[in-house]
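What follows is one structure encoded as structure tokens, with my remarks underneath.
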Amino acid sequence: MPLPKSLDSSVQPLGKATQFAEDIQEIITQAPFFDQLETAEIKLLCEFMDCYTIRRGGLLIREGDAGDFLLIILTGTVNVIKNREDGGRRIIATVGPGATIGEMAIVDNGARFASCIANEEVDFAVLDRDALNAILHEHPQLGNKLLLMLLALMAKRLRETGIRLVPHLGEAIV
């Protein structure tokens, strides 16, 4: 799989994820998002991903860019940063091993919601839309499971955002 064009030029390829399948399994089985996958399914998923590394300060995702891939963080931490209307920026999350970033764009092909910057050297795996479609075609049980997991993750994040927004809403209109 070629390197996604929107990734920072400091990204270096590590190779097919199958080379790191045991390490990836150990990392992602500890993450709630992947707890529904069996060992064989994780190994199969690795056949459709490539792994990369990026240096500290490297840009993984740029807010507003088009995107057709998600990243699974394998080592290191990443700040998720949102641009503010006043021109400032705000860190809205810091994620580490086992976390996924960029999943909204792989589903809806929309613009990236936030930027993601490496806090340190970060290794990550890439799953792009073409690979997801191939999984759906060649391994429909795994593909459907992945889609349901993505939907559940996005629903969880939407609920959490709603809870954080409620205190900032004005008076109710009845």
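Rule-based calculations on the coordinates, nothing more; no lab input. No experiment lies behind these values; they were computed from the predicted model shown. Positions of Cβ are backbone-derived with ideal geometry, glycine not excepted, and every protein chain shown enters the neighbour counts.
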Rounded to the nearest 0.05, what FRET efficiency do Asn144 and Asp65 have when you use their Cβ-Cβ distance and R0 = 30 Å?
0.60
Helix 129-138 sits at what angle to the longest principal axis of the chain, using alpha carbons and giving 0 to 90 degrees rounded to 10?
50 degrees
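Mind checking the dipole of the chain: about its Cα centre, +1 per Lys or Arg Cβ, -1 per Asp or Glu Cβ, Debye to the nearest 20?
Numbers: 17 positive and 24 negative charges, 114 e Å.
Computed about the Cα centre, the dipole is about 540 debye.
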Long-range Cα-Cα pairs in region 96-174 (distance over 17 Å), rounded percent:
61 percent
If you take the alpha carbon radius of gyration of region 118-160 and divide it by 2.2 N^0.38 Å, what ratio comes out, to two decimals?
1.47
With springs only between Cα atoms under 10 Å apart, run a GNM on the chain and tell me which of Glu121, Glu63, Glu85 wobbles the most.
Glu85
Residue-wise HN-Hα coupling along region 67-82, computed from phi with Karplus coefficients 6.51, -1.76, 1.60 (Hz; x: Gly, Pro):
x, 9, 8, 10, 10, 10, 6, 9, 9, x, 10, 10, 8, 9, 10, 10
Going by alpha carbons, how many degrees (0 to 90, nearest 10) lie between the helix axis of 140-165 and the longest principal axis of the chain?
20 degrees
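Rounded if a/c is under 1.5, else prolate if a/b is larger than b/c, else oblate: which is region 12-161, with a ≥ b ≥ c the root eigenvalues of its Cα gyration tensor? Show your work: numbers first, answer last.
Working: a/c = 1.74, a/b = 1.36, b/c = 1.28.
In terms of gyration-tensor shape, prolate.
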FRET efficiency for Leu158 and Arg84, using Cβ-Cβ distance with R0 set to 22 Å, rounded to 0.05
0.60
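Give me Ile101, Ile173, Ile61 ranked fewest to most by other Cβ atoms within 10 Å of their Cβ, as a rough exposure proxy. Each step should come with its number before you reach the end.
On the way: Ile101 21, Ile173 4, Ile61 26.
Going from least to most buried by this count: Ile173, Ile101, Ile61.
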What nm distance separates the two modelled labels at Val107 and Ala93, each placed 7 Å from Cα along Cα→Cβ?
1.1 nm
